[in-house]
Amino acid sequence: MPWVFSVDETAGDFDLLASVAAADLPSLGRSVHGLIGGLDGVRSTRTRLGITLYSEGGDWRMRAMEPAGHAELSTPRTARPTVYSAHMHHRPPPEDRALLEALGHDGRLGYSGLGAAAGMSEHTARRRLLRMIRDSDITFRCDLAHPLAGLSTVVLYRTATPHTHLEGTGQALARMEEVRLAVSVSGSDNLLVMVWLRGLHAIDPFEAQLAERFPSLRVNDRTVVLHSRKRMGRLLDTTGRATGHVPYSLPHV
């Protein structure tokens, strides 16, 4: 499903975690309840809406580079809260969709190759891409096969914190080395946190660190990811390596 951009098999009180997108709330409901809920074997679905994104995979750093090499890089994008909208501001025109699809297959394409893949001139590809970057219609991230990098354990925490502490806690979590995702969500568990750890043995020390740094944060559920089947449109094998790509598109419901 091209609008389901990430899928994780989990050990917890649900078996699959699907990260999805839609043009608006009615189409999101129809897609989740109808297309996912209608699949053979699906017994129930539960939906949580992202409200404010404090950090995601594109903000995360492996911290493996030496300081001298890191200093040669351009200034990294500063993670800042992003508020989700219940409606798309606009649907990308066909030319932008062609660029996005080409970059989805190969994010390293230069302007000449990008233009050829999208069926436009190099100048047009450059102009359109720079405009999409400027308007934050597109962002770039570099991902990795985390099991091969020694980060074998992915844990999803459903947590709750008083609303008065939500923003400060979300931003502080975003600065933690282990945190890949911190987002406020609908429901009584108002803060969703995903972390990459070096093994099951690292869960207790990490949670002790949470308890010490965030006394108002209550961990209500921890779910361990058994296998990530798909991440940001990339199909993954058991080692975390990409084996294919599903171009993103909105559901037609």
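The values are calculated or read from the model by the stated rules, or taken from the named source; none is laboratory data. Values in this document were obtained by computation on a predicted structure and should not be read as measured data. Here Cβ is always computed from backbone atoms with ideal geometry, including for glycine, and neighbour counts include all displayed protein chains. Ligands, DNA and RNA are excluded from the accessible area calculation, which covers all protein heavy atoms including side chains. Shrake-Rupley method; radii C 1.70, N 1.55, O 1.52, S 1.80 Å.
Data overview
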{"item": "Spherically averaged projected area in nm², based on the convex hull that wraps the Cα atoms of segment 160-242", "result": "6.2"}
{"item": "Positive-pole candidate from Ala208, Thr238, His252, dipole of segment 194-253, charges at beta carbon", "result": "His252"}
{"item": "Whether segment 96-240 is rounded, prolate or oblate, judged on the alpha carbon gyration tensor where a/c under 1.5 counts as rounded", "result": "prolate"}
{"item": "Helical mean residue ellipticity (222 nm; -39500 (n - 2.57) per DSSP H run of 4+; nearest 500) of the chain", "result": "-7500 deg cm²/dmol"}
{"item": "Taking the C-alpha atoms of the chain, convex hull volume expressed per residue in Å³", "result": "152"}
{"item": "Calculated FRET efficiency for the pair Asp137/Leu35, C-beta based, R₀ 30 Å, to 0.05", "result": "0.75"}
{"item": "Cα-Cα pairs of segment 1-59 separated by more than 17 Å (percent)", "result": "44"}
{"item": "Dipole of the chain, positive end: most advanced residue of Val219, Asn190, Ala125 [Cβ charges, Cα centre]", "result": "Ala125"}
{"item": "Dipole magnitude of the chain, debye to nearest 20 (Cβ charges: Lys/Arg +1, Asp/Glu -1, about Cα centre)", "result": "400"}
{"item": "Average accessible surface area per residue within segment 103-253, 1.4 Å rolling probe, Å²", "result": "54"}
{"item": "Accessible surface of the chain, 1.4 Å probe, proportion on carbon and sulfur as whole %", "result": "54"}
